Amino acid sequence: MTITPSTAFNKIAGLNKPIRVVQGGTSAGKTYSILQYLIYYSLKRELLISIVASSLPVLKRGAEKDFFHILKSMDLYDENNHNKTDRTYKLNDSTFEFFSAEDHSKLRGSRRDILFVNEANNISFEAFQELNVRTKKFTFIDFNPTAPFYAHTELIGNDNVDFVILTFQDNEFLDSKIKSEIESWEKKGETSEYWANRWKVMGLGQLGIQTGAVYKDWTIIDELPANAQLLGSGMDFGFTVDPTSLISIYRYNGEIIWDEVIYETGLFNSQIASKIKQSNAINGLIYADSAEPKTIAELRYFGISVLPVEKGRDSINYGIQLIQEQPFKVTKRSINLIKELQNYVWATDKDGKVLSIPIDDYNHGLDSCRYFYMMKFNKKANHFTLRWKR
């Protein structure tokens, strides 16, 4: 029962901190090598190991499928130890359990010894925290770096976090045809933004941007500077499914900074007003979705300086254009806003052709910002000027 380890396996086996972040491109063997390591690690121990993905379909076609392939290739699989109903497998004295992040009873359930979150960029930071805080020994996460997420903003760089980047070059067992295809992306990238980004992300395992992203010229900063000037805020209303969002916009040294203040479902107007009064947003004017005049009136009754945004023809694209005119920064704590920026892309038709309208998703905080820009940075807003720092 021996294997010839790949370079990816050896790099993973060398990690030893409580949280082990494995970033990498396609065909790097990230998931496969982590599972191999966990199987070897568990053989002479008594452990509960949880393997989690965003949904059961993702789990079944990914980590779970690889796990049982490895067991069978090592002649370790025994159908009597496989509880297909509970999605568990008993390996000597250790138990492997498989579940999705959609199962909230599991997220807040019993503790485990080891956690592996597969494709962690598809799981919320809140879900990761619920799982990680109930893990006794160590946690693995893996992902393709299509866009920055909480691994980059909250984990990498901390003293208790190991970080490694794997590429297809770390997988000596990769089929030569697949390897040649991946290598061809580098040449294609010389004349194509799409292939350049694909080579960077999927080939080299480096952080890239979502293909077709609406907003590209933005960066994350650790915190809001103490002397940043509040320009005002934008607000989008929600309740049951969609969140109410409030984003404050600041200026500092000629640069614009976005800061998430509210991003929450189920808020009554009195609660919204209370949260605004507890934040710096109370010191500036707020522009809100004009489709909710009653809500705006009630917030004004509670003492909030809020006005409806003036929406004109093609207001979505017009607001996007205003935002795109200059770069901006986003505070690290603006977790939901960052996720929207990472996933807000131009829509495509059935043939994959990019359209001139964005998707109607990942846009609650972004709509808030758009409302503010439409009222403050539009060409008619001669009462307000902004000197951009180049």
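The values are calculated or read from the model by the stated rules, or taken from the named source; none is laboratory data. Bear in mind the structure is a predicted one, so any value in this text is a computation, not a measurement. Reconstructed Cβ throughout: ideal geometry from the backbone, glycine too, with neighbour counts over all protein chains shown. Calculation scope for accessible area: heavy atoms of the full protein, side chains included, ligands and nucleic acids excluded. Shrake-Rupley method; radii C 1.70, N 1.55, O 1.52, S 1.80 Å.
Below, the figures for the structure above:
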| read-out | value |
| --- | --- |
| Members of the stretch 1-45 that are in contact with a helix residue (DSSP H, G or I) (Cβ under 8 Å, 6 or more places away or on another chain) and in a loop (DSSP other than H, G, I, E, B) | I3, P5, S6, G25, T26, S27, A28, G29 |
| Subset of the stretch 246-273 (residues that are farther than 18 Å from T295 by Cβ and either polar (S, T, N, Q) or free of Cβ contacts under 8 Å to residues at least 12 places away in the same chain (or both)) | S248, N253 |
| Qualifying position, being in contact with an Asp or Glu (Cβ under 9 Å, 6 or more places away or on another chain), crowded, with 19+ Cβ neighbours inside 10 Å and at pLDDT below 95, among S50, S54, S42 | S54 |
| Residue that is farthest from S290 (Cα to Cα) [pool: residues in the stretch 209-237 that are open to solvent by less than 20 Å² (accessible area, probe 1.4 Å) and at pLDDT below 95] | A213 |
| Pairs with Cβ under 6 Å, 6+ apart, first in the stretch 158-173 and closer than 18 Å to I141 by Cβ and among the aromatic types (F, W, Y), second part of a loop (DSSP other than H, G, I, E, B) and at pLDDT below 95 | F163/I156 |
| One residue from L48, L35, L56 being farther than 24 Å from S6 by Cβ and either touching a residue at least 60 places away in the same chain (Cβ under 8 Å) or in contact with a Pro (Cβ under 8 Å, 6 or more places away or on another chain) (or both) | L48 |
| Residue match in the stretch 240-263 (condition: basic (K, R), open to solvent by 30 Å² or more (accessible area, probe 1.4 Å) and outside any helix (DSSP H, G or I)) | yes |
| Scan of the stretch 274-291 for residues that are under 26 Å from S315 (Cβ atoms), without any contact (Cβ under 8 Å) to a residue 40 or more places away in the chain and either open to solvent by less than 10 Å² (accessible area, probe 1.4 Å) or of a type in the set (V, I, T) (or both), ordered by number | I276 |
| Within the stretch 7-39, tally of residues that are farther than 22 Å from L131 by Cβ and open to solvent by 10 Å² or more (accessible area, probe 1.4 Å) | 9 |
| Only one of S290, S270 that is polar (S, T, N, Q) and in a helix (DSSP H, G or I) | S270 |
| Qualifying positions in the stretch 294-335 - open to solvent by 70 Å² or more (accessible area, probe 1.4 Å) and modelled with pLDDT under 95 | E310, K311, R313, D314, I316, Y318, Q321, Q324, E325, R333 |
| Residue within the stretch 102-112 that is assigned to a strand (DSSP E or B) and open to solvent by 40 Å² or more (accessible area, probe 1.4 Å) present | no |
| Odd one out for I338 among (1) open to solvent by 50 Å² or more (accessible area, probe 1.4 Å); (2) within 24 Å of the chain's Cα centre (by Cα); (3) at pLDDT below 90 | (1) |
| Residues that are of a type in the set (D, E, K, R) and in contact (Cβ under 8 Å) with a residue 40 or more places away in the chain, drawn from the stretch 77-105 | D93, E97, E102 |
| Members of the stretch 177-228 that are part of a helix (DSSP H, G or I) and either in contact with a helix residue (DSSP H, G or I) (Cβ under 6 Å, 6 or more places away or on another chain) or in contact (Cβ under 8 Å) with a residue 24 or more places away in the chain (or both) | I178, K179, I182, W185, E186, K188, W195, R198, W199, V201, M202, G203 |
